[in-house]
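K.L.:
Once you've had a glance at the structure underneath, I'll fire off some questions.
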Amino acid sequence: LIGSALLERLLNELVGGGGRAGLLLKDLIAHKEVERRLGACAVAWLSALFSPSSLNLRNLIWHGFLAPRELEQRHAASLLRLLSRAAAALGAARRAEAALWRPPAPCWDPKEADASLGGACGLLDAAPTFPPPPADG
């Protein structure tokens, strides 16, 4: 039970669904991003194990048609391999995103720009004072 929920969550994260409502598992399996990150072989296994037109282990277990202890070891092993593959792909995607991030450039400081601004620097350091709002609103 937990493994299929975790796999669904990992696949949602892979397609960028972390901050929005999740896609259905059948839609995740058909998603091009899942195939790009996991490969065609893994998608074929996902489809064979979890598609509505196939074995659909997730629904068999979640709806009580198959007790977890009745799950064949080969199916459980396949689920674990898919979990491992999806977790590794998500980790690689997050590392790639982190490598692309650059800290913002320091802000421009007008004090360093031009000597002719020297007289205005005092104004920049002073606390701004704004006129009071009009009395009529």
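K.L.:
Against the definition (in contact with a helix residue (DSSP H, G or I) (Cβ under 7 Å, 6 or more places away or on another chain) and either farther than 22 Å from Gly91 by Cα or among the polar types (S, T, N, Q) (or both)), how does Leu10 come out, yes or no?
P.N.:
Spelling it out, it is not the case that Leu10 is in contact with a helix residue (DSSP H, G or I) (Cβ under 7 Å, 6 or more places away or on another chain) and either farther than 22 Å from Gly91 by Cα or among the polar types (S, T, N, Q) (or both).
K.L.:
Quick one: is Gly64 surrounded by 10 or more Cβ atoms within 10 Å (Cβ to Cβ), modelled with pLDDT under 85 and part of a loop (DSSP other than H, G, I, E, B)?
P.N.:
Working: surrounded by 10 or more Cβ atoms within 10 Å (Cβ to Cβ): no; modelled with pLDDT under 85: yes; part of a loop (DSSP other than H, G, I, E, B): yes.
Considered against the rule, which asks whether it is surrounded by 10 or more Cβ atoms within 10 Å (Cβ to Cβ), modelled with pLDDT under 85 and part of a loop (DSSP other than H, G, I, E, B), Gly64 comes out as no.
K.L.:
Only one residue in Ala76, Ala99, Ala88 is surrounded by 10 or more Cβ atoms within 10 Å (Cβ to Cβ) and at pLDDT below 90, so which one is that?
P.N.:
That would be Ala76, the only listed residue that is surrounded by 10 or more Cβ atoms within 10 Å (Cβ to Cβ) and at pLDDT below 90.
K.L.:
Restricting the search to segment 46-61, which residues are open to solvent by 60 Å² or more (accessible area, probe 1.4 Å) and assigned to a loop (DSSP other than H, G, I, E, B)?
P.N.:
Passing the criteria: Pro52, Ser53, Leu55.
K.L.:
Then there's this: Within segment 16-45, count every residue that is at pLDDT below 90, outside any helix (DSSP H, G or I) and either in contact with a helix residue (DSSP H, G or I) (Cβ under 8 Å, 6 or more places away or on another chain) or surrounded by 14 or more Cβ atoms within 10 Å (Cβ to Cβ) (or both).
P.N.:
Residues that pass the stated criteria total 5.
The values are calculated or read from the model by the stated rules, or taken from the named source; none is laboratory data. Note that the coordinates shown come from a computational prediction; the quantities given were computed from them, not determined experimentally. Cβ atoms come from the backbone with ideal geometry, glycine included; neighbour counts cover every protein chain shown. Areas reflect the complete protein model, heavy atoms only, side chains present, ligands, DNA and RNA absent. Shrake-Rupley method; radii C 1.70, N 1.55, O 1.52, S 1.80 Å.
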